[in-house]
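> Next up is a structure, given as structure tokens.
The values are calculated or read from the model by the stated rules, or taken from the named source; none is laboratory data. This is a predicted model, so every value here is computed, not measured. We place every Cβ from the backbone using ideal geometry, glycine too, and count neighbours over all the protein chains shown.
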Amino acid sequence: MKLALARALLRLFAVQGSYNYERMLGVGVGVAEEPLLRDLGDAKYRPAVARGAHFFNAHPYLIGLAVGAAARAEHDGASPDQVERLREALCGPLGSVGDRLVWAGWLPFLSGLTLVGIALGAGWMAVAAFLIVYNVGHVALRWWALRAGWTHGARVSVALHNPFLQRAGAVLGPAMAFTIGAALPLTTQYLAWPFEAGARITFAVVAGLAFLALRWPGGAGHLNGLRLALGLAALALVVALVWP
């Protein structure tokens, strides 16, 4: 079974490769679950693989919980309806926990630390450290999720209440806010240092006007961060071309 779990883990890295609006990540989930279903026998194997490829959507780093739990439920003799209900019940929790833990915690926390490191002179060493630490963390999370799903099966909710997940979510939120707060002034100073005082003042004024434009009542429907950034980039390009 360890070999089957290793194969499933490798396939989880490509779970987003077959994303589509009909089944979301479902096809990728079915492909990742298939190695865990091979010893079911032909009568159960094919229907189980087909069920694994039904609609599913959750955070890609925690989706292994659903893969392992559904496969274990199939081995434990759960009915097709029970397996489908299990999959449906996991979509929301895995999405919300993963978003809070990774997209709103681990990733911006390490990104802030990396920006601080670059601003303080660490350069490419900070980027390399980010890539190593982030990927070690996310691979470990994927492996834990897959193992926990297979261990608990239909009782996978036990894994979602793991104290580590609760503590990590509580710690990463404030830590992320601190590192991003520290990174903003340091990064601004680092990027503005090569320019003269007049240019820095101009950048500050433009940034303040951009902030006010985004916060202006009634303007949110027509102006957003992307449009504003594209407009400022086009303006900067024109200025660079015509500046003597």
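> Inspect all residues belonging to the range 65-85 and state whether any of them is assigned to a loop (DSSP other than H, G, I, E, B), touching a residue at least 60 places away in the same chain (Cβ under 8 Å) and under 16 Å from residue 154 (Cα atoms).
Going residue by residue through the range 65-85, those that are assigned to a loop (DSSP other than H, G, I, E, B) are 76-79.
When the remaining residues are screened for being touching a residue at least 60 places away in the same chain (Cβ under 8 Å), the result is 76, 78.
The next check asks that each one be under 16 Å from residue 154 (Cα atoms); those that pass are 76, 78.
Checked the range 65-85: at least one residue is assigned to a loop (DSSP other than H, G, I, E, B), touching a residue at least 60 places away in the same chain (Cβ under 8 Å) and under 16 Å from residue 154 (Cα atoms).
> I've got another one for you. Is it true that residue 159 is under 27 Å from residue 12 (Cα atoms), in contact with a helix residue (DSSP H, G or I) (Cβ under 9 Å, 6 or more places away or on another chain) and in the same structural domain as residue 57 (by TED's automatic domain parsing)? Quick ask: steps written out before the conclusion?
Values: under 27 Å from residue 12 (Cα atoms): yes; in contact with a helix residue (DSSP H, G or I) (Cβ under 9 Å, 6 or more places away or on another chain): yes; in the same structural domain as residue 57 (by TED's automatic domain parsing): yes.
Considered against the rule, which asks whether it is under 27 Å from residue 12 (Cα atoms), in contact with a helix residue (DSSP H, G or I) (Cβ under 9 Å, 6 or more places away or on another chain) and in the same structural domain as residue 57 (by TED's automatic domain parsing), residue 159 comes out as yes.
> Would you tally the residues in the range 52-70 being of a type in the set (A, V, I, L, M) and in contact with a Phe, Trp or Tyr (Cβ under 7 Å, 6 or more places away or on another chain)?
1
> Ok, one more. For the range 30-58, give me the residue count where each residue is free of Cβ contacts under 8 Å to residues at least 40 places away in the same chain, of a type outside the set (Lys, Arg) and in a helix (DSSP H, G or I). Steps first, answer last, please.
Initial filter on the range 30-58 (free of Cβ contacts under 8 Å to residues at least 40 places away in the same chain): 30-35, 37-57.
Applying the additional criterion that residues be of a type outside the set (Lys, Arg) yields 30-35, 37, 39-43, 45, 47-50, 52-57.
Then keep just the ones that are in a helix (DSSP H, G or I); that gives 30-35, 37, 39-40, 42-43, 45, 47-50, 52.
Going through the range 30-58 one residue at a time, the tally reaches 17.
> Given the condition surrounded by fewer than 20 Cβ atoms within 10 Å (Cβ to Cβ), among the charged types (D, E, K, R) and either within 22 Å of the chain's Cα centre (by Cα) or within 20 Å of residue 135 (Cβ to Cβ) (or both), answer yes or no: does some residue in the range 94-112 qualify?
yes
> Hey, another quick one. Condition test on residue 85, is it in the same structural domain as residue 180 (by TED's automatic domain parsing) and in contact with a Pro (Cβ under 7 Å, 6 or more places away or on another chain)?
Spelling it out, it is not the case that residue 85 is in the same structural domain as residue 180 (by TED's automatic domain parsing) and in contact with a Pro (Cβ under 7 Å, 6 or more places away or on another chain).
> Take the conditions under 19 Å from the mean Cα position of the chain (by Cα), closer than 19 Å to residue 80 by Cα and either surrounded by 20 or more Cβ atoms within 10 Å (Cβ to Cβ) or not assigned by TED's automatic domain parsing to the domain that holds residue 77 (or both) and apply them to residue 29. Does it pass? So that I can check it myself, show each step before the final result.
Values: under 19 Å from the mean Cα position of the chain (by Cα): yes; closer than 19 Å to residue 80 by Cα: yes; either surrounded by 20 or more Cβ atoms within 10 Å (Cβ to Cβ) or not assigned by TED's automatic domain parsing to the domain that holds residue 77 (or both): yes.
Here the answer is yes, as residue 29 does meet what is asked.
> Across the range 150-187, what is the number of residues that are crowded, with 17+ Cβ neighbours inside 10 Å, on the phi < 0 side of the Ramachandran plot and touching a Lys or Arg at 6+ places or on another chain (Cβ under 7 Å)?
Result for the range 150-187: 1.
> From (1) within 28 Å of the chain's Cα centre (by Cα); (2) part of a helix (DSSP H, G or I); (3) surrounded by fewer than 11 Cβ atoms within 10 Å (Cβ to Cβ); (4) at pLDDT below 85, pick out the condition that doesn't hold for residue 221.
Of everything listed in (1) within 28 Å of the chain's Cα centre (by Cα); (2) part of a helix (DSSP H, G or I); (3) surrounded by fewer than 11 Cβ atoms within 10 Å (Cβ to Cβ); (4) at pLDDT below 85, residue 221 misses just condition (2).
> Say whether the condition of being part of a helix (DSSP H, G or I) and under 22 Å from residue 92 (Cα atoms) is met by at least one residue in the range 178-185. Working first, answer last.
Quick first cut of the range 178-185, residues part of a helix (DSSP H, G or I) only: 178-185.
Filter once more, so that each one left must be under 22 Å from residue 92 (Cα atoms): none.
No - not one qualifying residue is present in the range 178-185.
> Spot the failing condition for residue 194; the list is (1) out of contact with any Leu (no Cβ under 9 Å at 6 or more places or on another chain); (2) assigned to a helix (DSSP H, G or I), and only one is missed.
(2)
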